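One structure is given here, and the rest of the page talks about it.
The values are calculated or read from the model by the stated rules, or taken from the named source; none is laboratory data. Fair warning: this is a prediction, and the values are worked out from it, not measured in the lab. All Cβ positions, even for glycine, are placed from backbone atoms using ideal geometry, and neighbour counts span all protein chains on display.
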Amino acid sequence: MPRTTPAASDLPDVPVVELLVRLASGSLTAVELAEAHLERIAQLDDSLGAFLLVDRDGALRAAQDIDRRRRNGRPVGMLAGLPVALKDVVCTRGLPTTCASRMLERFVPPYDAYVVERLRAADAVVLGKVNMDEFAMGSSTENSAFRPTRNPWNREHSPGGSSGGSAAAVAARFAPLAIGSDTGGSIRQPAAFCGVVGLKPTYGRVSRYGLVAFASSLDQIGPLARDVKSTALLLESIAGHDPRDSTSLDADVPPYSRNCEEPVRGLRIGFARAHFGDGLDGDVESAVRRALDVYRSQGAQLVEIELPHAKYAVAAYYLIAPSEASSNLARFDGVHYGHRAERFENLVDMFAATRGEALGDEVKRRIMLGTYALSAGYYDAYYLKALKVRRLIRQDFDRALERVDAIASPVAPRPAFRLGELVNDPLAMYLEDLYTLSANLAGLPGISIPAGFSSAGLPIGLQLLAPPLEEERLLRVARMHERETDWHERRPEL
Amino acid sequence: MNSPTLIVGLEVHVQLLTESKLFCGCANRFNPDEPNTQTCPVCLGLPGSLPVMNERAFRLALKTGLALNCDISPFTKWDRKQYYYPDLPKGYQISQYDLPFSHDGWLEIDGDGDDGGRRRIGIIRAHLEEDAGKNLHDESGRGGDSRVDLNRAGTPLLEIVSQPDIRSPQEAKRYLEDLKLLLTYLGVSDCNMQEGSLRCDANVNLHVTTDDGKVAATPIVEVKNLNSFRGVEQAVEHEARRQLDEFHRTGRKLGDPGVEKETRGWNADRGVTFAQRGKEEASDYRYFPDPDLAPVTVDEELLETIQDELPEFPAERRARFGTAWGLSNYDAAVIVDQGAVFADYFERVAKTCGDGKQAANWVTQDVLRELNERQLGIADFPIAADLLGRLLAKVVAGELTVKSGREVFAELLARTDRGEDIGGGDIDAIVAEKGLAVVADTGALEVVVERVIANNPNAAEAFRGGKPQAIGKLIGEVMREVKGADAKVVRQMIVERLSR
């Protein structure tokens, strides 16, 4: 492995808080920082496959511009000079946005997603687009049509998914910050698998404008980073009301990165016995119990809660998400953009051939599930019933969260599984989302933070959930754990 | 066998007159010459784009619902209607399925009789949806690629579904005409059928009483894309004949095994409906609530605001023109049916001249004739209502004869044709130039009468000899010399003079 200059190779390890200080003082330039990360990606990403596209020129141009403005005493944004990796599901003007699908392999959006606008306005430096499960459908990043991403802690293992590229890029120090999207756990589970922090905001907290939709009522964009404070900083820069998204919430954005240092007094942490049942890996269970002890040692009260409808969450989720997906993905028909089959007999055949050849198996499986669930005669029994269950799940959480400040649980039933281990068992793959997808159904914010390692040396995460729009509380509670532990400071050897 | 009862319901699609489209900020304008120029990521259905409801379109829809006497739902939502077609870029149309914003209303139209009886045609529902784009196929026969223009995609479209209350082809036409008039009075649509902003489908069948006294219903046929009033009338008429004929031949009726609703097209040139391939195989639209859009709640306050914005409806206006201006039902209908702007013009003329009947005569005859000849709408008519009113005021006051008034009217138009600006001063100038002022000085007139009689002894003799029509020549001669003379007065004077 070629060696870089010591100064350059150190930079990707420096915490974001310190990078900001150095950038502000002028002892570090945005160009130096971008080059250090681009260099590391160039050297190491072949073995991980985190990036689908590295925009070296665009990143350096943006960095130069930031440096120039800073030198001239002109204002710069709150993320000025910090590199960021974007999940390839958010539209970037002039940069291909593939959703890791053959369907959009050559699709170049003419517009930036809201989050991309916000990141550019904050002067983040976009390094490129990172890998994912095709159209964000999956929990392993193996459903990428282009290549799987490997877990930086063990390349035989999956980084999780669908935001596997985002989590791997942050863990591998390819980018201090990354954007992911979470429909059923797609930020939190890969964050847990890769030992980083990942936050799914309240539904509506971050605009979905420009996020290629998987399941519109569940999708949320969120931040991934190595520690709680930089996660808070990234969330702060992308949250807020956007009139172009009718589901966007018009609520103030608190200064998360400043407030997260404040511990929650008289903290009450809820836990559900159901979360520690059969199928939970022993290492994960002890890591979660240890995390609860960390809170107890800080004077927190641990309260057992009931989530009576949690057992129906997977079933409800796998009706609602595929139903919406079957509709959202109908636009990929080969007419206006994206892939079009070369051979076809007639119009209907063009639609069929185009979709048949350019969509992957998992995407097709979910489109078929959803099409079936929405069909005349089945709608009431499946989709409508799932919506009712969804309401009950939300009520469970509302009740529980009246008694506690946050709910703690595992993120996933076990640490990162091996690549290929679950690809032929879709149902087992779906059960990976057991602990995470309730937050999407209920619209709650959830965070995954590093909470230990398995005996095999793979990271384990702790999930915390809070009431809607209580991201600040969530970050403060997360920071209380982080302050007492050093799991987030460990780094994988590449 | 009794004559069969015709059962018709109309589904009307109306494009709303908004600045922008239903779910994005693109211009809502008919523009087939520059395809795909009024588009953005949202109406192109690009990945990641999201719809945002146009409040203005929704208010126009509410306005229409109220004017159609509909119940307005306090809670309404958006649904996705899913099917694949190249002019539908998202693969679904955003529409309203089980909770339309309005339902259960009616529109009153004239009945078929001459007794002035009115008929209420029920409205099942009116809902709002987005229009699709337009597929353009190569018509050269060389098999070129089809193209898609998405300028129209996302245009706000109101679907108004009537009850099957219509009983004759004439009623179908009147319903559509009255609906169009109402919508243009409301200002919610321009209802331009050529440009496709008003489109109509007709559901038609017959109830036939058979020899054994039972009533059989013929299979329901939906005739698509009727794009003129005459077309609706003729298509319904043709379809009624065709269905009766088919029923006599086959005996097939609604409810028989294998009988489904049939979709037929309308060939206006040949005046026949023709079979189209059965309703697309994909008849399961898999409707479900659009998760990208919030449901809409309509409170009493909003409804009251919109109620207050409602203009006078055509039916009310016809009645008022009768009572306030003394117009006949016929004249009132002719004026009101021309549209709100024309009716406003009439009222302005009537107010200025103070005589509704005089104003009605002029606008329904002179003004309408000029508009037709010039292919103009009233908004572009060169003689402003105030000006015509001032001209007619002179006629009403007896300062000008009707004939002279027409001459001034023609000269005013001639001046505008030459590009001149015209105003109140022009009326007086023309009257003076042409010597059109009514000559009230009977002394001066008597001199002329004397002279004309002297110069035309034969005519005078003939009149005296019992040929009253001979007076015409004498009157004409006098009128030629004194332009502003009142023909009645002249006649009177000649009669008196010759009877002495």
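Can you tell me which residue is surrounded by the most Cβ atoms within 10 Å (Cβ to Cβ) among those in the stretch B:28-50 that are more than 7 Å from chain A (Cβ to nearest Cβ) and closer than 16 Å to B:Gly91 by Cβ? Step by step, filter the stretch B:28-50, then rank; the result is B:Cys43.
The residue that is modelled with the lowest pLDDT, among those in the stretch B:243-257 that are over 16 Å from B:Thr5 (Cβ atoms) and basic (Lys, Arg), is B:Arg252. Whenever a residue of the stretch B:299-310 is more than 13 Å from B:Phe58 (Cα to Cα), its partners that are surrounded by 10 or more Cβ atoms within 10 Å (Cβ to Cβ), lying with C-beta atoms within less than 8 angstrom and at least six residues away or across chains, give the pairs B:Asp299/B:Pro74; B:Gln307/B:Leu66; B:Glu309/B:Lys63; B:Leu310/B:Lys63; B:Leu310/B:Leu66; B:Leu310/B:Ala67; B:Leu310/B:Leu186. Does B:Arg230 satisfy being among the basic types (Lys, Arg), surrounded by 14 or more Cβ atoms within 10 Å (Cβ to Cβ) and either closer than 21 Å to B:Lys173 by Cα or in the same structural domain as B:Val14 (by TED's automatic domain parsing) (or both)? No, not satisfied.
Look through the stretch A:324-359, keep the residues that are under 19 Å from B:Gln93 (Cβ atoms), hydrophobic (A, V, I, L, M, F, W, C) and crowded, with 19+ Cβ neighbours inside 10 Å, and return whichever of them is nearest to the chain's Cα centre (by Cα). Among those that are under 19 Å from B:Gln93 (Cβ atoms), hydrophobic (A, V, I, L, M, F, W, C) and crowded, with 19+ Cβ neighbours inside 10 Å, it is A:Ala325.
Here is the figure for the stretch A:218-247: residues that are within 14 Å of another protein chain (Cβ to nearest Cβ), in a loop (DSSP other than H, G, I, E, B) and within 16 Å of the chain's Cα centre (by Cα) total 2. In the set B:Phe288, B:Phe313, only one residue is touching a residue at least 60 places away in the same chain (Cβ under 8 Å) and either within 14 Å of another protein chain (Cβ to nearest Cβ) or closer than 30 Å to A:Gly370 by Cα (or both); that residue is B:Phe288. Search the stretch A:197-215 for residues that are closer than 16 Å to A:Leu465 by Cα and pair each with any residue that is basic (Lys, Arg) when their beta-carbon atoms are under 9 Å apart and the residues are at least 6 apart or on different chains. Within 9 Å, the pairs are A:Val197/A:Arg226; A:Gly198/A:Arg188; A:Leu199/A:Arg188; A:Lys200/A:Arg188. Out of A:Glu402, A:Glu362, which single residue is in contact with an Asp or Glu (Cβ under 7 Å, 6 or more places away or on another chain) and either surrounded by 13 or more Cβ atoms within 10 Å (Cβ to Cβ) or part of a helix (DSSP H, G or I) (or both)? None of the other options fit; the residue is A:Glu362. Against the conditions (1) loosely packed, with under 13 Cβ neighbours inside 10 Å; (2) over 18 Å from the mean Cα position of the chain (by Cα), B:Asn329 satisfies every one except (2). Across the stretch A:370-384, the qualifying residues are those that are within 13 Å of chain B (Cβ to nearest Cβ) and assigned to a helix (DSSP H, G or I), and the one among them that is nearest to A:Glu134 (Cα to Cα) is A:Gly370. Going through (1) more than 24 Å from A:Pro152 (Cα to Cα); (2) out of contact with any Ser or Thr (no Cβ under 7 Å at 6 or more places or on another chain); (3) among the small types (Gly, Ala, Ser) one by one, A:Gly443 falls short only on (2). Return yes or no: is A:Leu44 out of contact with any helix residue (DSSP H, G or I) (no Cβ under 9 Å at 6 or more places or on another chain), crowded, with 16+ Cβ neighbours inside 10 Å and part of a helix (DSSP H, G or I)? Considered against the rule, which asks whether it is out of contact with any helix residue (DSSP H, G or I) (no Cβ under 9 Å at 6 or more places or on another chain), crowded, with 16+ Cβ neighbours inside 10 Å and part of a helix (DSSP H, G or I), A:Leu44 comes out as yes. The residues in the stretch A:452-494 that are in a strand (DSSP E or B) and of a type in the set (A, V, I, L, M) can be counted, and the count is 4. Enumerate the pairs (first residue in the stretch B:73-90 and within 19 Å of B:Leu128 (Cβ to Cβ) and in the same structural domain as B:Tyr287 (by TED's automatic domain parsing); second residue anywhere and buried (at least 24 other Cβ atoms within 10 Å of the Cβ) and of a type in the set (Asp, Glu)) with beta-carbon separation below 7 Å, excluding pairs fewer than 6 apart on the same chain, so at least 6 apart or on different chains. Listed pairs, sorted by first residue: B:Trp78/B:Asp290; B:Asp79/B:Asp290; B:Arg80/B:Asp290.
For the residues A:Leu441, A:Leu422, A:Leu437, A:Leu475, the requirement of being touching a helix residue (DSSP H, G or I) at 6+ places or on another chain (Cβ under 8 Å), more than 22 Å from A:His309 (Cβ to Cβ) and surrounded by 24 or more Cβ atoms within 10 Å (Cβ to Cβ) singles out A:Leu475. Counting only residues that are surrounded by fewer than 17 Cβ atoms within 10 Å (Cβ to Cβ), closer than 30 Å to B:Arg480 by Cα and of a type in the set (Gly, Ala, Ser), the stretch B:364-409 holds 2 of them. Within the stretch A:113-125, the set of residues being more than 10 Å from every other protein chain (Cβ to nearest Cβ) and not hydrophobic (A, V, I, L, M, F, W, C) comprises A:Glu117, A:Arg118, A:Arg120, A:Asp123. Could you tell me which residue of the stretch A:293-321 is nearest to the other protein chains (Cβ to nearest Cβ), considering only residues that are free of Cβ contacts under 8 Å to residues at least 60 places away in the same chain and not in a loop (DSSP other than H, G, I, E, B)? Top of the filtered list is A:Lys311. I'd like to check something: does the stretch B:51-65 contain any residue that is within 13 Å of chain A (Cβ to nearest Cβ), closer than 30 Å to B:His137 by Cα and touching a residue at least 40 places away in the same chain (Cβ under 8 Å)? Taking every residue of the stretch B:51-65 in turn, at least one turns out to be within 13 Å of chain A (Cβ to nearest Cβ), closer than 30 Å to B:His137 by Cα and touching a residue at least 40 places away in the same chain (Cβ under 8 Å).
Residue-by-condition table, conditions (1) of a type in the set (Ser, Thr, Tyr); (2) surrounded by fewer than 17 Cβ atoms within 10 Å (Cβ to Cβ):
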{"position": "B:Arg125", "(1), (2)": "no, no"}
{"position": "B:Glu130", "(1), (2)": "no, no"}
{"position": "B:Gly141", "(1), (2)": "no, yes"}
{"position": "B:Thr155", "(1), (2)": "yes, no"}
{"position": "B:Leu176", "(1), (2)": "no, no"}
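Every condition in (1) touching a Pro at 6+ places or on another chain (Cβ under 9 Å); (2) closer than 30 Å to A:Val90 by Cα; (3) of a type in the set (Ser, Thr, Tyr) is met by B:Tyr83 except one, and the failing one is (1).
Out of the residues in the stretch A:183-213 that are closer than 23 Å to B:Val42 by Cα and away from every other protein chain (no Cβ under 11 Å), which is surrounded by the most Cβ atoms within 10 Å (Cβ to Cβ)? My answer is A:Val206.
Pairs meeting the criteria (first residue in the stretch A:82-101 and at the interface with chain B (Cβ under 10 Å from one of its Cβ atoms), second residue among the polar types (S, T, N, Q), beta carbons under 8 Å, at least 6 apart or on different chains) are A:Val89/A:Thr97; A:Val89/A:Ser181; A:Val90/A:Thr97; A:Val90/A:Ser181; A:Cys91/A:Thr97. Within the stretch B:70-81, one or more residues are more than 14 Å from every other protein chain (Cβ to nearest Cβ) and within 22 Å of the chain's Cα centre (by Cα). If only residues of the stretch A:355-401 that are touching a residue at least 60 places away in the same chain (Cβ under 8 Å) and β-branched (Val, Ile, Thr) are counted, the one that is nearest to B:Leu88 (Cα to Cα) is A:Val363. Within the stretch A:248-277, if we keep just the residues that are of a type in the set (S, T, N, Q) and surrounded by 19 or more Cβ atoms within 10 Å (Cβ to Cβ), the residue that is farthest from the other protein chains (Cβ to nearest Cβ) turns out to be A:Ser257.
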